[in-house]
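These notes concern the structure reproduced below.
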Amino acid sequence: MTSGLRKGLTSYGDAGFSLFLRKVFIKAAGYSDDALDRPIVGITDTASDFNPCHGNAPQLIEAVKRGVMLAGALPMTFPTISIHESFAHPTSMVLRNLMAMDTEEMIRAQPMDAVVLIGGCDKTMPAQMMAAISADIPAVVLPVGPMVVGHHRGEVLGACTDCRRLWGEHRGGRIDAAEMEEIAGRLAPSVGTCMVMGTASTIGAMAEALGLALPGAASAPAVHADRLRIAEASGRAAAEMAKRHRPRPSEIVTAAAIRNAMAVLQATGGSTNGLVHLAAIAGRAGIELDYAAFDRMGRDVPVLVDLKPSGAHYMEHFHHAGGVPRLMREIADAMDLSRPIVGGGTLADAVAAAPDHPTNVVRTRADPVSATGSMAILTGNLAPRGAVIKQSAASERLMSHRGRAVVFENIEDMAARIDAPDLDVAADDVLILRNAGPVGAPGMPEAGYLPIPRKLAQAGVKDMVRVSDARMSGTAFGTIVLHVVPEAAVGGPLALVRTGDTIVLDVAARRIDMLVDEAELAARRAAWTPPPPRAGEQRGYARLYREQVLQADEGCDFRVLTADPDASARKDAAR
Ligand code: FES
């Protein structure tokens, strides 16, 4: 097998010349022949001034390089696009697949025997794992790590569960604008990813459970020395894998590994976004994410990680408690711990090395944060292919609820009317947002956390049932039904609901329905027309996205990027 500099030569019709030319140019960077004879470990550089979550990437790269060289290989960094949640328009989810394409093709195009993928901010690690699976060269995932906690007037704060909670207090008139400015400087006190069990933390935990990241990689804070040691070890692991050309992601990401990630997702109280990304990751490996199996697992695997938004603590506390390996010990009966991890050994080895001192951050099955898993899958005439509710962050009193629909046609309509004093809405109504799915918005923005209408918020209402085809931030909370499939913009039944219809949510029965008879629904369906493409969607990446994006249950990947695009098309045609 060719390796190092000889790998993937540029095509000039003369392999000897291609290698000669490559050497001519790389020698301009001052490399010796000894260095150029080594296996090469590529390292993605996702540092960007627009991505403060990745602010420690330069230090991590240095540590990874050290590890690679200590193991006798040659590290070479290369840039890929980087996406920050708050700096991506219209939403980072639209760009995840672009980052996955960029990363996959740069791994494939450049001569590397293994790759270390440095990511963290929500969509970046999913994009990188999708890319690594498709490129299928040995790969180690290295999260940038979570921020340390913030403090404000004696209270411990975390991005961004407390961003949303405090913004809700501000909307309700209980925190003034001056204090909000003060709080803005305290919610994210260091580089790194959001330090609650939001999307970034959830994806990191799943990367460990999949076996693609080293033990502790999800939880060590971004600014701790542990993070740099894990980076060095990731470089070493990648160098060893580069020499052996294995294990490849296809050996790591199997159906059993996906089930392990599902179990960890349920037990962490993790982000609903994690489910979308896991479906996309599985799809790259040719594995269909089984919603029914995920739901069954949620009945069996309780939430054990006591972190916000489902619990009380933050990622640094999770790390000190033993992180993902310790959690896996508690749910070992639901996992296949014989699965390998990239640094060598198995998940069982990582579990055996985890600490066992007393902790209230990783609970036991006898004393869970929540007796059931984080999420439940609902179906019904409102969501024939499924919808998701994060039951661990929902209000118990609303888990079985019947209410009048108050429908918002799209995000713009919701923004224009939600706070109107004359909005006809009551606390027990069900807020519906549609045309906010993968195609409709586009990119399934995190708009599923519809704000409580201002007049109700001011009256002290803290939660209502909300239903949409959008996503929700992993840091958010509330009785919120998300990811309705099929989405309204492609003709899903969510498009047919009208204000005044009765909506029934029954989480115990796993149902979400609208009480509208079939004849009436058929008439509404006949009158429905799809929303036209938006301005800017006629060309370029936006058009590619609109034409290719799959629904939430398939991970919102592009059909052509899945392991078998033709099989995916046949399956959809049969639906
Ligand atoms: Fe980057 Fe939360 S905004 S991880």
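The values are calculated or read from the model by the stated rules, or taken from the named source; none is laboratory data. Worth saying up front: this structure is predicted, and the values here are computed from it rather than measured. So basically every Cβ, Gly included, is an ideal-geometry build from the backbone, and we count neighbours across all protein chains shown. All accessible areas refer to the heavy atoms of the entire protein, side chains included, with ligands and DNA or RNA removed. Shrake-Rupley method; radii C 1.70, N 1.55, O 1.52, S 1.80 Å.
Some observations on this one:
- Residue count, region 430-470 (criterion: more than 16 Å from P531 (Cβ to Cβ) and assigned to a loop (DSSP other than H, G, I, E, B)): 13
- Of note, P247 does not satisfy the criterion of being at pLDDT 95 or above, touching a Gly at 6+ places or on another chain (Cβ under 6 Å) and either part of a helix (DSSP H, G or I) or within 30 Å of E62 (Cα to Cα) (or both).
- Test result for G345, on the phi > 0 side of the Ramachandran plot, open to solvent by 20 Å² or more (accessible area, probe 1.4 Å), at pLDDT 95 or above and over 19 Å from the mean Cα position of the chain (by Cα): yes
- Residues of region 194-221 that are within 10 Å of the ligand (Cβ to nearest atom) and assigned to a loop (DSSP other than H, G, I, E, B): C194, M195, V196, G198.
- Residue within region 148-160 that is without any contact (Cβ under 8 Å) to a residue 24 or more places away in the chain and either small (G, A, S) or on the phi < 0 side of the Ramachandran plot (or both) present: yes
- Looking across R227, R248, one residue alone is of a type in the set (D, E, K, R), in contact with a helix residue (DSSP H, G or I) (Cβ under 9 Å, 6 or more places away or on another chain) and away from the ligand (no atom under 16 Å from the Cβ). It is R248.
- Boolean, G373 is in contact with a strand residue (DSSP E or B) (Cβ under 7 Å, 6 or more places away or on another chain) and either modelled with pLDDT of 95 or more or farther than 20 Å from T475 by Cβ (or both): no
- Filtered residues of region 474-499 (kept if open to solvent by less than 10 Å² (accessible area, probe 1.4 Å) and modelled with pLDDT under 95): G474, T475, A476, G478
- Looking across region 91-134, the residues that are away from the ligand (no atom under 16 Å from the Cβ) and open to solvent by 20 Å² or more (accessible area, probe 1.4 Å) come down to L98, M101, D102, E105, M106, R108, A109, Q110, P111, S134.
- In region 50-73, the residues that are closer than 15 Å to A220 by Cα form Cβ pairs under 6 Å with partners that are acidic (D, E) and more than 16 Å from the ligand (Cβ to nearest atom), at six or more places apart or across chains, as follows: A63/E232.
- The set of residues in region 348-369 being surrounded by fewer than 19 Cβ atoms within 10 Å (Cβ to Cβ), touching a residue at least 12 places away in the same chain (Cβ under 8 Å) and in a helix (DSSP H, G or I) consists of A353 alone.
- Here M206 clears all of (1) open to solvent by less than 10 Å² (accessible area, probe 1.4 Å); (2) farther than 15 Å from T161 by Cβ; (3) out of contact with any Gly (no Cβ under 7 Å at 6 or more places or on another chain) except the condition numbered (3).
- Filter result for the condition that a residue is open to solvent by 50 Å² or more (accessible area, probe 1.4 Å), touching a residue at least 12 places away in the same chain (Cβ under 8 Å) and among the small types (G, A, S), over S395, S400: S400
- Filter result (open to solvent by 10 Å² or more (accessible area, probe 1.4 Å) and of a type in the set (G, A, S)) within region 135-157: A135, G154
- Checking A35, A88 one by one, the residue that is without any contact (Cβ under 8 Å) to a residue 40 or more places away in the chain and under 30 Å from G185 (Cβ atoms) is A88 and no other.
- Subset of region 288-338 (residues that are surrounded by fewer than 20 Cβ atoms within 10 Å (Cβ to Cβ) and assigned to a loop (DSSP other than H, G, I, E, B)): E288, D290, A312, D336, L337, S338
- Just one of the listed residues (R534, R511) is in contact (Cβ under 8 Å) with a residue 60 or more places away in the chain and surrounded by fewer than 14 Cβ atoms within 10 Å (Cβ to Cβ), namely R534.
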